[in-house]
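The values are calculated or read from the model by the stated rules, or taken from the named source; none is laboratory data. Nothing here was measured: the structure is a model prediction, and the numbers come from that model. Because the Cβ atoms are built from the backbone with ideal geometry, glycine has one as well, and the counts that use them run over all protein chains shown.
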Amino acid sequence: MRTRFAPSPTGRLHLGNLRTALFNFLLARGSGGAFLLRVEDTDAERSSDAAAALVLDDLKWLGLTWDEGPDTGGPVGPYAQSERSGIYGEYLDRLRASGHCYPCWRTDTELKAFRRKCLAAGRPPIYDREWARLPEDEVARRESAGQRPVFRFRVPDTGALESEDCIRGRQSFALADIGDFVLQRSDGTPAFFFGNALDDALMSVTHVLRGEDHLSNTPRQILLLDALGLPVPVYGHLPLLLGEDGRPMSKRRGSAGMGEFRAAGLFPEAVANYAARLGHAFESGDLMTLDELARHFSLDKVGRAPARYDPIQLEHWQGLAVQAASDPRLASWAGESAFRDVPDGMRERFLGLVRPNVHRPADVAGWAEILFGRGPAFSAEVEAVLADAGPEFFRAALEGLESGDHGLAAITGAVKRRLGVKGRALFRPLRLALTGAESGPELAPILEILPDETVRSRLGRWV
Ligand code: GLU
């Protein structure tokens, strides 16, 4: 099995792109096959080397590795389409020689007018082959005059193209609906259909998983590979992925993706585990490594229902990733400055304490500040709760603190005895007085880690 990811480097990868990359990677790795990377950068205006470099960097960040690609090379390169123009020219000539394609001189303006006319008449704007039967000598005359045509593939007029989609099952496309599509633009660059299909065949790609938006391209690609006598890969179209706004993901609209995820401090395994479940069912709800995900990845577990980006789910995986990260990794994720307020030698204990309560590096710094730095900030609401608990509550708490081992049990025991409160009425004011927050790390270890004088002054403030 050989799969590939074929990004167009026109911007940062969004969640839909990265899911496509991941699924192809998992499919290859799970079967012991090869995973290729091919940069589809023929649109010179919208592509850039910087964007391509960023795409590679994002994929590496996610943990993906490829066996062949623009940076690593390989036996069927080059792996950037901008370096393959000779190959496209050669295969275009073959299609021309076999009569499968022809030059067309319709200009963009004419094309737009033609489309408008068709739509106004209630007809689909299928190319009418105005230029398909131009005599050879007229073609030659125009070409020698330097007029650059586009080249169109001649699609059979009737019949249907049947194909087996490895996710959606049997597909049938009426050829009459397709129309002669462009293979090569007038600037000599290959149109998407052509470069994409040809490269898959020449790179011996066996399986192509891609977004559902490409489904209607597939019959065109099969037709042209058949015409060239080249092998057709198995295509599988992944269910649509909608953004939070309910619209399909799009680079141009800035849908959630790598830029945002990385800047937010998400762990790559959180992003990968989340993305792996967008349209693929895994039995286990555990955080898995890429190897484990690959082992459990299977085409028959890819669903057909559209998925929708859900930041809350993503956050769930981030929580698991934070739990699973080693201490050194968590510390470097939080960043040196997060520990500014943490006393020497306390770093590990502090990290262990706040680990269940942090999702972002800034959360670590926030807890360090609350526990050891500026201290808690009290909202008016919190102040009201503390005032409500009353001075007696905190006097008892202070007595408890001084009575024994300075631990939580001594404090709560004293308050319970004196005021008879328990449960939430007991723990909430304590937590609020010590942290200013309704939730957070466990109270007992907070008391262990805070210096006694800090505890004393935080409780004493409400007496
Ligand atoms: N360059 C295309 C894209 O980014 C690739 C489509 C495909 O995977 O075949 O949409």
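Descriptive notes on the structure:
- Output for the range 29-55, where each listed residue is of a type outside the set (D, E, K, R) and within 14 Å of the ligand (Cβ to nearest atom): 35, 36, 37, 39, 42, 47, 51, 52, 55
- Only one of 7, 103 that is in contact (Cβ under 8 Å) with a residue 40 or more places away in the chain and away from the ligand (no atom under 16 Å from the Cβ): 103
- Only one of the numbered conditions (1) acidic (Asp, Glu); (2) out of contact with any Leu (no Cβ under 7 Å at 6 or more places or on another chain); (3) more than 11 Å from the ligand (Cβ to nearest atom) is not met by residue 68, and that is (2).
- Count of residues meeting criterion [more than 10 Å from the ligand (Cβ to nearest atom), in contact (Cβ under 8 Å) with a residue 24 or more places away in the chain and of a type in the set (D, E, K, R)] in the range 208-242: 2
- The set of residues from the range 191-207 being touching a residue at least 60 places away in the same chain (Cβ under 8 Å) and more than 19 Å from residue 78 (Cβ to Cβ) comprises 206, 207.
- Tally, over the range 139-189, of residues that are in contact with a Lys or Arg (Cβ under 8 Å, 6 or more places away or on another chain) and either under 26 Å from residue 43 (Cβ atoms) or not in a strand (DSSP E or B) (or both): 15
Let's see how each residue does on (1) closer than 30 Å to residue 154 by Cβ; (2) more than 21 Å from the chain's Cα centre (by Cα); (3) modelled with pLDDT of 95 or more; (4) not in a helix (DSSP H, G or I):
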site	(1), (2), (3), (4)
12	no, no, no, yes
26	no, no, yes, no
32	no, yes, yes, yes
56	no, no, yes, no
65	no, no, yes, yes
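- Taken over the range 200-226, the criterion of being in contact with a helix residue (DSSP H, G or I) (Cβ under 7 Å, 6 or more places away or on another chain) and either hydroxyl-bearing (Ser, Thr, Tyr) or surrounded by 20 or more Cβ atoms within 10 Å (Cβ to Cβ) (or both) is satisfied by 207, 208, 209, 210, 220, 221, 224.
- For the range 266-301, the set of residues classified as small (Gly, Ala, Ser), assigned to a loop (DSSP other than H, G, I, E, B) and within 22 Å of residue 243 (Cβ to Cβ) consists of 279, 281, listed by residue number.
- Residue in the range 348-358 that is surrounded by 17 or more Cβ atoms within 10 Å (Cβ to Cβ), β-branched (Val, Ile, Thr), closer than 30 Å to residue 25 by Cβ and touching a strand residue (DSSP E or B) at 6+ places or on another chain (Cβ under 7 Å) present: no
- Selection status of residue 93, away from the ligand (no atom under 11 Å from the Cβ), within 21 Å of the chain's Cα centre (by Cα) and surrounded by fewer than 14 Cβ atoms within 10 Å (Cβ to Cβ): no
- Boolean, residue 169 is under 30 Å from the mean Cα position of the chain (by Cα), away from the ligand (no atom under 16 Å from the Cβ) and either modelled with pLDDT of 95 or more or farther than 30 Å from residue 279 by Cβ (or both): yes
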